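K.L.:
First the structure, then my questions, so here it is.
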Amino acid sequence: MKRRRTALLSVTALLAAVLGMLPAQSAGADEVEQIRNGTFDTTTDPWWAGDNVAVGLSGGRMCADVPGGTANRWDAALGENDITLVKGESYRFSFTADGSPAGHVVRAVVGLSVAPYDTYFEVSPQVGVSGDTYSYTFTSPVDTGQGQVAFQLGASADPWRFCVDDVSLLGGAPPEVYRPDTGPRVRVNQVAYLPDGPKNATLVTDATSRLPWRLKDARGRTVARGRTAPRGTDASSGQNVHTIDFGSYHHRGEGFTLVVDGETSRPFAIGTAAYEQLRLDAVKYYYTQRSGIAVRDDLRPGYGRPAGHLNAAPNQGDADVPCRPGVCDYRLDVTGGWYDAGDHGKYVVNGGITTWELLSTYERSLHARTGHPGALGDGTLAIPESGNRVPDILDEARWELDFLLKMQVPDGQPLAGMAHHKVHDEQWTGLPLLPSADPQKRELHPPTTAATLNLAATAAQAARLYRPYDRAFARRALAAARKAWAAALAHPDLYADPDDATGGGAYADDDVSDEFYWAAAELYLTTGGKRFERYVLDSPVHTADIFGSLGFDWSRTAAAGRLDLATVPNRLPGRAEVRRSVARGADTYLATLRSQPYGMPYAPEGNRYDWGSNHQVLNNAVVLATAYDLTGARKYRDGAVESMDYVLGRNALNISYVTGYGEVSSHNEHSRWYAHELDPALPNPPRGTLAGGPNSGIQDPYAQSRLQGCVGQFCYIDDIQSWSTNETAVNWNAALARMASFVADQD
Ligand code: 9MR
C-alpha cells in the first residue's frame, strides 16, 4: 500500500540500486530510502521467504502463512537482502504489521545477510496487540552492502498469519538522542541502608552552595534534616553533584525518602532483611544456570525448564564431546556445571574464580568475626540437594566442581592433568534459545595453563571445605589439584588463543603468574606442603601491589590467593605482612570511595569503565570487607557496606543493577533463556541477578547505536541486546553473593 510519497527513479538508478550501488528511492532532502519495494503494491519482489513460509499479496500488503511447531524465531522468516548500511549513519526503521490470531511475536531485524549474521538492530513486538505502526531509530555500527531487513516469525506452537506493509529503512533520518530516564535527581540505595551503617546519597543539581535536605519516613514526617555538601563535577558521570550524609539516623523502617532541591528520592528501607534475602537470591541464581539437569519449577516457580546439553535432540549434548579439529583424539563427558552467562558456553577459567568466590563466601563464614555458617546452610537455597545435611552453598558449588574435574585431560593422553580451557558451541547462536533447544555441535578447546591452575586452585580449596561432608570427594579433589599443579609446572605457557572466540568467549590471558600464585596458595592452605609454601614465598606476586583500580577478576586472580592466605588459618612465615598488605589495598579503595561523590571504590584509569564493572566495584568492596574481618576497623566495614549503595541505586542512572531489588532495577539482562524481552513466554532473570554494568568499550552494536560518546557510568543500557553492558554472568553474581553475605552479617 502506498502511504508515503516516494520519488520515481530512472531505470539506470533502479539498476544501480539493485546492484547495491545506490539507494532505490529518495525520501526527502537528506533522507534516503534503503528498502526496495516496501509497499507491496504489485509484487513481493525482491523479498524472500523461507521454504516453510507461504507469502503473497493481500490488499496491498505482503502476508505470510507461518507454520506452527518451529523451535526458533529464525526457523520461519522473510526478508530483503543486499541493503547498504553506512557506519555511523542513523536510520529510521519502520513498518506496519498485524497478525492473526493476535499476540504473536515478530522479531524484526536489521543485520547481516551472511555469516556471522550479526544483528545491528532488532525489536520483538507482539503484533496485533501493541498497535500496528512501528518506528525505531538506530545507528549502523558497520559499513556493508550485505545488509538485511528480516521478519522472523517462528517459535510459535500454532500456525498464524502475518501481514506487513510500508517497510522503510530511511538513511539519514535524524538520530534519536538516547536519554535514559533517570528519575529523581536525588540518588539513594533503593534497597536498604543498615541501621548501624553509613547512609549517603548523591544529588544532581546545578546549585553550587549547600542545600537543605530532609529525611522523611513512610508517613511523610520529617525525621532528620541537614545540608548537602557540594562536590563539583563528578568525573564518573560528568554531572555537577552534592552529597548527603544522613548516617546519624539509626531507626529501622520501610518507605523512607530523601527530599532535597525540590526532588523526592525513590523509597528505601533502613534495616537488614533485604540483605538476608539478597544473600539467598544471589546464590539461588546458580541453580537456574545449571547445565545437564532439569530445573524444577516447584523450586523456582516460573523458571522450570528441561535439562540442557544432555544428549537429547536437538542438543548434541555434553556427554561425549570431541575436541576442536586437531586438538585431541579422545572425547569427554563434560556434562554438568553452570552456563557461564547468557550463552551456553562453559569455561574453566571463569568457572574457577566463580567457584572460589562462592566457596570463600562459605569459608569466610567459618572464620570471620561476623560470619554465620548457617546462613547458606542446608535447606536455605531450595535446590534439589537441600536436606542432604551438606550446606546448600557447598552443594551448589559442587555442581560446578564436578564439571571442572571432568575438564581435566585423562591419564595416558598428551597433556594429561591439564584442563581444557572451555567447551561451547561451534558457532554463536541467536536469542532466545533455551539450553535444551541448542542444536549446535559442542567442542572442547585446547588445554591451557590458566585453566589448569584454576582447576588446581579450586579443587585444592574444595578439598579442605568438603572434607567434613564427603571425604572421598575431598581426596579426589586434592589428587586432581596436585595433578593439575604438576601439569601446569610442566607446561607453564600454554595460553588461550585470543582469537578463539567463535561460538563462545575467548577468556584469553597470557600472564599466568597470578594463577600460579593462587593455586600454590590454595594447595598450601589445604596441605601445608613445603613446596607450595616455597612457591608462594618466592613468587613476585606475593609481595606485589595487586589491589589495582579494576579489581580482581577471572584474569587477575592474585587477590584470591592473597585474601585466603590472610584469612584462612595457616602458618606462613611473614603472614602478618600478608594481612597488612590487604589493609593497605583497602586503604587505597577507601581513598577512592571517599573521592567519588557516588561513593564507590572504583575509579578506573581514564574513567574507562571495564566489562563487568559492577562486579569490579563489588570485588574492590570485598577487599574492604576482608580488611574489616582482619582488623575489626570500622572504616573498612563502613566502606564495604557503602559500596553496595552504588550497585543498588546510588548511581548516575538511578538504577539498581540487581534484578528485583529497588523500585527500578535492571531486568532485561542479556541471556538466551531469561529472554522475556524477546519472548513474553520466557521469564526475566531471577531476583538477585547482577547486570554487568557500565562498560566504556560498548562492544555490542545495540549499545553502540544508543550510547556513542557515553561518559563512564552512562555506558549502560538495560536491553537484552546489549551483551557488553548488560549480560549476566556467574563470576559477577559471585561477587554479589560474597558482598550481600558480608553486609547481611553486619546486623
Ligand atoms: O567477562 C569477560 C570480560 O572480562 C571480557 O573482556 C569479555 C571479552 O572477552 O568477555 C567477558 O566474558 C564473556 C565470555 O567471553 C562469554 N560469556 C559471557 C561473558 C560475559 O560477557
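Each reported figure results from applying straightforward, stated rules to the coordinates on display, with no laboratory input. This structure is a prediction, so every number in the text was calculated from the model and none was measured. Backbone-built Cβ (ideal geometry, glycine too); neighbour counts: all protein chains shown.
K.L.:
What pairs in K284/K441; K346/K530; K87/K346 have C-alpha atoms more than 31 Å from each other? Write out the running numbers ahead of the final one.
P.N.:
Values: K284/K441 29 Å; K346/K530 34 Å; K87/K346 34 Å.
In this structure, K346/K530; K87/K346 lie more than 31 Å apart at Cα.
K.L.:
Okay, moving on. Could you give the dipole magnitude of segment 539-629 about its Cα centre, charging the beta-carbon of Lys and Arg +1 and that of Asp and Glu -1, in debye to the nearest 20?
P.N.:
The dipole of segment 539-629 has a size of about 220 debye.
K.L.:
Let me ask something else about it. Which one of G38, T139, T70 is farthest out on the positive end of the charge dipole of segment 25-171, using unit charges on Cβ (Lys, Arg +1; Asp, Glu -1) and the Cα centre as origin?
P.N.:
Positive-end residue among those listed: T70.
K.L.:
Dipole size in debye (nearest 20) for the chain around its Cα centre, Lys and Arg Cβ +1, Asp and Glu Cβ -1?
P.N.:
2680 debye
K.L.:
So, one more: Taking the Cβ of L653 as the centre, find all other residues whose Cβ is under 10 Å away and add up their charges (Lys, Arg: +1; Asp, Glu: -1).
P.N.:
-1
K.L.:
Output wanted: per-residue J couplings in Hz (rounded whole) for segment 499-511, from phi through Karplus 6.51 cos²θ - 1.76 cosθ + 1.60, θ = phi - 60°, x for Gly and Pro.
P.N.:
8, 7, 10, 9, x, x, x, 7, 6, 8, 7, 10, 10
K.L.:
Would you work out which of G304, G197, P686 lies farthest towards the positive end of the dipole of the chain, given +1 charges on the beta-carbon of Lys and Arg and -1 on that of Asp and Glu, about the Cα centre?
P.N.:
G197
K.L.:
Same structure, new question: Which residues' amide hydrogens lie under 5 Å from the amide hydrogen of S156, considering only partners 5 or more residues apart or on another chain, with H built in the peptide plane?
P.N.:
G69, T70
K.L.:
Follow-up. How many nm separate the modelled label positions at R634 and V123, each set 7 Å beyond the Cα in the direction of the Cβ?
P.N.:
5.5 nm
K.L.:
Moving on to the next point. Going by the alpha-carbon gyration tensor, a ≥ b ≥ c the square roots of its eigenvalues, is segment 575-642 rounded (a/c under 1.5) or, if a/c is not under 1.5, prolate (a/b greater than b/c) versus oblate?
P.N.:
Numbers: a/c = 2.08, a/b = 1.69, b/c = 1.23.
Prolate, because a/c is 1.5 or more and a/b exceeds b/c.
K.L.:
For a quick check: with amide H placed at 1.01 Å from N, whose amide H comes under 5 Å from H676's, ignoring anything fewer than 5 positions away on the same chain?
P.N.:
Amide H to amide H, under 5 Å and 5 or more residues apart or across chains, H676 pairs with N684.
K.L.:
Using a ≥ b ≥ c from the Cα gyration tensor of the chain (square roots of the eigenvalues), is it rounded, prolate or oblate, where a/c under 1.5 gives rounded and otherwise the larger of a/b and b/c decides, a/b for prolate?
P.N.:
Oblate, because a/c is 1.5 or more while a/b does not exceed b/c.
K.L.:
Based only on other Cβ atoms within 10 Å, what is the fewest-to-most ordering of Y178, Y589?
P.N.:
Y178, Y589
K.L.:
Further question: Can you give me the C-alpha center-to-center distance between segment 186-238 and segment 643-722, rounded to a whole angstrom?
P.N.:
Result: 24 Å between the Cα centres.
K.L.:
To the nearest 500 deg cm²/dmol, what mean residue ellipticity at 222 nm is calculated for the chain from DSSP H runs of n ≥ 4 alone, each contributing -39,500 (n - 2.57), summed and divided by the residues?
P.N.:
Computed mean residue ellipticity for the chain: -9000 deg cm²/dmol.
K.L.:
Could you tally the net charge around V105, taking each other residue with its Cβ under 12 Å from the Cβ of V105, Lys/Arg +1 and Asp/Glu -1? Present the calculation step by step, with values, prior to reporting the outcome.
P.N.:
Details: positive: R73, R107; negative: E122, E677, D679.
Residues close to V105 contribute a combined charge of -1.
K.L.:
Okay, next question. Is there a quick way to get the dipole size of segment 610-739? I mean about its Cα centre, with the Cβ of Lys and Arg at +1 and of Asp and Glu at -1; what is the value in debye to the nearest 20?
P.N.:
It comes to approximately 380 debye.
K.L.:
Counting only residues 5 or more places away or on other chains, whose amide H sits under 5 Å from the amide H of I83 once H atoms are built in the peptide plane?
P.N.:
Placed amide hydrogens put G147, Q148 under 5 Å from I83.
K.L.:
Among 211-219, 181-189, 88-96, how do they line up by average Cβ neighbours within 10 Å per residue, starting with the highest?
P.N.:
181-189, 88-96, 211-219
K.L.:
Across segment 119-126, in residue order, what do the Karplus-derived ³J(HN,Hα) couplings come to in whole Hz, using 6.51 cos²θ - 1.76 cosθ + 1.60 with θ = phi - 60° and x for Gly and Pro?
P.N.:
9, 9, 7, 7, 9, 9, x, 8
K.L.:
Through the Karplus equation 6.51 cos²θ - 1.76 cosθ + 1.60, θ set to phi - 60°, convert the phi angles of segment 469-485 into ³J(HN,Hα) values in whole Hz; use x for Gly and Pro.
P.N.:
Coupling constants for segment 469-485: 10, 7, 5, 5, 5, 4, 5, 5, 5, 5, 4, 5, 5, 5, 5, 5, 4 Hz.
K.L.:
Assign one of three labels to segment 93-174, namely rounded, prolate or oblate, based on the Cα gyration tensor with a ≥ b ≥ c the square roots of its eigenvalues; rounded applies when a/c is under 1.5, prolate when it is not and a/b is larger than b/c, and oblate otherwise.
P.N.:
Values: a/c = 2.62, a/b = 1.53, b/c = 1.71.
Note, shape of segment 93-174 comes out oblate.
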